[in-house]
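**Student:** Before anything else, here's the structure in question.
The values are calculated or read from the model by the stated rules, or taken from the named source; none is laboratory data. Here the structure is a predicted model, which means the values were calculated and not measured. Glycine also receives a Cβ, built like all others from the backbone with ideal geometry; neighbour counts cover every protein chain displayed. Calculation scope for accessible area: heavy atoms of the full protein, side chains included, ligands and nucleic acids excluded. Shrake-Rupley method; radii C 1.70, N 1.55, O 1.52, S 1.80 Å.
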Amino acid sequence: MNQALIVLTSNFCSLTRLLFALLTALAVGSQLEAAPRITLTVQADKPSHKISPLLYGVFFEDINYAADGGLYGELIQNRSFEFRGTDALFGWSLVRRGEAQALVSIETDRPINPNNPHYLRMQIGSIGSGLGVANSGFGGIPVLKGSNYLFSIYARAVDSYNAALSIRLETAKGELLASAQIVGLNPNWMKCASILKPTRTETNAHLVVMTAAPGTMDMDMISLFPEHTFKNRPNGMRADLAQLIANLKPSFVRFPGGCIVEGKDLANRYRWKDTIGDVSERKANWNCWQIAMSDAPAPQYYQSYGLGFFEYFQFCEDIGSEPLPILNCGMSCQLMDKQFVPLDQLDSYIQDALDLIEFANGPVDSLWGSQRAAMGHPEPFRLKMIGIGNEQWGGDYFARYEKFVVALKAKHPEIQIVASAGPSPDDQWFRMAWLRLRELNADLVDEHYYRPPEWFLDNVNRYDQYDRTGPKVFLGEYAAHTTARRNSLDAALAEAAFMTGIERNSDVVVMASYAPLFAKAGFTQRPIDLAWFDNTRLYGSPSYYVQQLFSLNRGDTVLPLELADSRPPQPASRRIVLNAHHTDAEFKDVLGIEESSEFTTRTPGLFATASQKDGKVIIKVVNPTSQATQATIRLSGMSRIGAKGEAIVLSGSAPSDENSFEKPTKIEPVTTPLSGIASEFRYKFKPCSVTVLRINAER
Ligand code: AHR
C-alpha cells in the first residue's frame, strides 16, 4: 500500500512537471509564433544594380592530384618515364614469373621526340613463365566490367627483336581481366593501340605489358584511358569529376592554378606552350606541390600536361564557361624561391601571353591559331580575359604587370586583364596593391583569402564601401578554414553568409571562385577543397553545395533588402587570428610581417540577399546559428504574388557535419514546395542552414 502511494505520488509529481513544461513550451512557442523579432523586407519594386553575369565561377588548380590521377582521364602514372629524381620508374614494377630474367633501364638515345627524352628499355635474358612491366596507376587502376579501355604504346625493336607484346589487365594477384596482342615491332618508334574490355569490375587493377622472347626492345608513352570520358572526348576527362564541375554551372573557369603557374623557381613555372599538341610531345614538369607549403609532401607529383590548355579551353566551351587562363608574370612563387626575371628580359614571357591569345582566338592561318586548328578546333575559343601572375605582390610585380599591360592592350584592347592583390585581404601589401592598381587603371584585381569562419561572418559587408569607379574585384580564391581544417558545414555557412555580401555588391565584385576545386583522398596537400574523390568515388563538400545554390539561383538584378533584428544585441569580443592558410613562418620569413587579423566576433543572426529574374524574387538567407529562427518576410511593391513557390534548403544538425564517401549527400540542398506566400508571410529558417526562397512576384 505504502509502496503504491509512493508510486502514485511520484507519478503525480512527474505529471505536474510535465504539464508545467508543456504549458511553458506552448507559451514560449506561441510568443515566438506571435512575434518574430526578425523582419526581412525586400523592396521588390526598386531593383538596384545588375548582377554580374560572370559572378560565380570555379578555380581549378593541379593540386591534391586534381589533374593527373584526377580530372585527366589517363589511368597510367608516369606513362612517359619522365619522372626524375630518385625514382624514374615510379609507378612501374618488373613482373618476373618463373625463371624470367631481364635488365630494365631508362634510356635517352634517340627518344620518340626531344620533348619526351626518356624511355624504358628491356633487355630480356629469359622470359621464364612471364616477363614484363606493370603499372598500378594512381593507387590502383579502376576498371568496369564490359567497358572499353583504350590502350596505346610507343614501341621499338632493338637488333631486330620481333616478338609480340601481350597487354593485360590483371588484378593485384595476377588474375587476368582483359588482354590484347601487339605485333610487328620494327626498329623505328611505332605507336600501337588496342582495346581492352575487362571481364569484371576491379578497383585495383594493374596494366601489364608482357614480352614473349629474349632480346631488347624500347617502350614509351604507355597509356590507358577509359573510352567513356566527359563528352567522350579523346584524351578526355574523367566523366564524373567533370560533370561535378558542370553541375555548378560556373560562368568561368580559372586555370591552371595557383602556385603551379608561378613555380617553385622559374624553371618550374607553368608554360602553356608545353601543354598543347600531341600528348607525346608535351614536356612533363614536376609539380611544385611536391614540396611546397604542403600538408602532405608528394615527392612524385608530376604534371604530364596531358590535361593542357587546349583541353581546358575545350572543357570551358563544353560546359558554357568563360576561360580565364592565368600566366606567369616573370616571377616564381614569392613564398618559395622568389626568382624574378629582369625587367629587360621579360619579352618572351609577354610574347607567351600574346601567343596564347592568338592560340585561343587567332585565325587558322596564324602561327598559333593553326595549332589550335590542327588540334581539331578551327573555330576560336573566344577568350576574353587573361590573368597576369597568380598571387603576387609588391613593386616587383607592378613593374612587370605594367609591361604586360602595355603590350597586351596595344594589340588586344578587347582582352580584360586580371591583376593580383597578393595572398592577404588586408595587409600592407594588399593596400599597396589597390593603390597602385587603381593608378594603373587595372581591369580586375584578384583578391585571395583563406580565413576562419568568424572572419567571413564579420566581413560580410566588406564590399559595401568599395569604390565603384575603379577596377572591379575578382575574388579568385577564398575559403573559410576552421580550426580543425575540415570542409565542414560551419565553414560552408560562413562562406554562404559572405556570399550574400558578394552578391549584394556584384556591381563591384564581378567574379568570384572558391579555393581549389578538387582533393584526392590520401593525395592531398591542402585539405580545404570543394570536392573530394578517390579512384572511383566523389562527393561535394557542404561548400560545394553552397556554391551550387548560389550559382543555380542567380538573379540578374539585386533587390534592396533590409534585415531588422530586434533581439537583444549579443556581446562582442575581440579576436586575433593568424593567417589560416599560409603558415606563420611563411609570412614572417618571406614578408617580414606578422600576418594576423583582428576582428570582432558576435553571435551572428541571419544574413540575406535578394534578387530577381524572370518574374521571380529570389531570397537567399543564411542562418549560421544552431537555433531555428522565425522571421517575417515582407515583399514590398509587388501587386501579384504567387501563393506558391519553393524553398531550397541546405542544412545539417551540427556545425561540424561533413559529407564523406560513405555519406556523400548528408549535407545537400533539398527543394520543397512553399505555400502561403503573401506580401507578408512567416518563415522559420532551420538551424545551420542556407535557404533559397523562390517566389513568383510581379508588380
Ligand atoms: O591552396 C591553393 C593555393 O593557395 C594556390 O595555389 C595559391 O594561389 C594560394 O596561395
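**Student:** Scan the chain and note any complete DSSP helix (H) whose C-alpha atoms cover at least 30 Å along its axis and whose Kyte-Doolittle average is -1.0 or more.
**Tutor:** What comes out of the filter, once short or polar helices are dropped, is 2-34.
**Student:** Quick one: net charge around His377, please, counting Lys, Arg +1 and Asp, Glu -1 for every other residue with C-beta under 14 Å from its C-beta.
**Tutor:** So the environment of His377 carries a net charge of -1.
**Student:** Treating the beta-carbon of each Lys and Arg as +1 and of each Asp and Glu as -1, no other charges, what is the dipole magnitude of the chain about its Cα centre, to the nearest 20 debye?
**Tutor:** Dipole of the chain, to the nearest 20 debye: 1920 debye.
**Student:** Per residue, how many Å² of accessible area does the chain show with a 1.4 Å probe?
**Tutor:** 40
**Student:** Tell me which residues come under 5 Å, amide H to amide H, from Thr557 once H is placed; ignore anything under 5 positions away on its chain.
**Tutor:** Ile51, Gln612
**Student:** Once you order the gyration tensor axes a ≥ b ≥ c over the Cα atoms, which shape class does region 170-327 get: rounded for a/c under 1.5, otherwise prolate or oblate by comparing a/b with b/c? Intermediate values should be presented prior to the final figure.
**Tutor:** Numbers: a/c = 1.84, a/b = 1.50, b/c = 1.23.
Cα axes put region 170-327 in the prolate bin.
**Student:** Moving on. Once you charge only the Cβ atoms, +1 for Lys and Arg and -1 for Asp and Glu, what is the size of the charge dipole of region 85-226 about its Cα centre, to the nearest 20 debye?
**Tutor:** I would put it at about 380 debye.
**Student:** Step through the residues of region 476-482 one at a time and calculate ³J(HN,Hα) from phi using the Karplus curve (6.51 cos²θ - 1.76 cosθ + 1.60, θ = phi - 60°), rounding each to whole Hz and writing x for Gly and Pro.
**Tutor:** x, 8, 7, 6, 7, 9, 6
**Student:** Compare the Cα positions of Tyr161, Thr201, Met219 along the charge dipole of region 85-226 (+1 at Cβ of Lys, Arg; -1 at Cβ of Asp, Glu; about the Cα centre) and return the one farthest towards the positive end.
**Tutor:** Farthest towards the positive pole: Thr201.
**Student:** For all pairs of alpha-carbon atoms in the chain, what percent lies in each bin of width 10 Å, listed from the first bin to the last filled one?
**Tutor:** 3, 14, 22, 22, 17, 11, 6, 3, 2, 0, 0
**Student:** If packing is taken as the average count of other Cβ atoms within 10 Å, what order do 436-449, 386-399, 181-194 fall into, highest mean first? Walk me through the numbers on the way to the answer.
**Tutor:** Numbers: 436-449: 19.8, 386-399: 21.8, 181-194: 14.1.
The packing order, highest mean first, is 386-399, 436-449, 181-194.
**Student:** So, one more: Set the Förster distance to 35 Å, then compute FRET efficiency between Asp159 and Ser366 from the Cβ-Cβ distance, nearest 0.05.
**Tutor:** Details: r = 46 Å, r/R0 = 1.30.
Computed FRET efficiency for Asp159 and Ser366 comes out at 0.15.
**Student:** Just want the answer: with Cβ charges of +1 for Lys and Arg and -1 for Asp and Glu, which residue in Ile695, Gly522, Val58 is farthest toward the dipole's positive end in the chain?
**Tutor:** Ile695
**Student:** A follow-up question, please. For Lys613, go through the lysines and keep the ones whose alpha-carbon is under 21 Å away, minus same-chain ones fewer than eight residues off.
**Tutor:** Here the lysines satisfying the reach criterion relative to Lys613 are Lys46, Lys50, Lys249, Lys644.
**Student:** Under 15 Å from the Cα of Lys173, which aspartates and glutamates turn up, not counting those fewer than eight places away in the same chain?
**Tutor:** Excluding near neighbours in sequence, the set is Glu202.
**Student:** Determine the share of region 85-226's accessible area contributed by carbon and sulfur atoms, expressed in whole percent, with a 1.4 angstrom probe.
**Tutor:** Carbon-and-sulfur percentage of accessible area, whole number: 51.
**Student:** With a ≥ b ≥ c the root eigenvalues of the C-alpha gyration tensor of region 282-382, is it rounded (a/c under 1.5), prolate (a/b larger than b/c) or oblate?
**Tutor:** In terms of gyration-tensor shape, oblate.
**Student:** So for the chain: antiparallel DSSP bridges make up what percent, rounded to the nearest 5? Please report the intermediate quantities before stating the final value.
**Tutor:** Numbers: 110 of 146 bridges.
Percentage antiparallel, nearest 5: 75.
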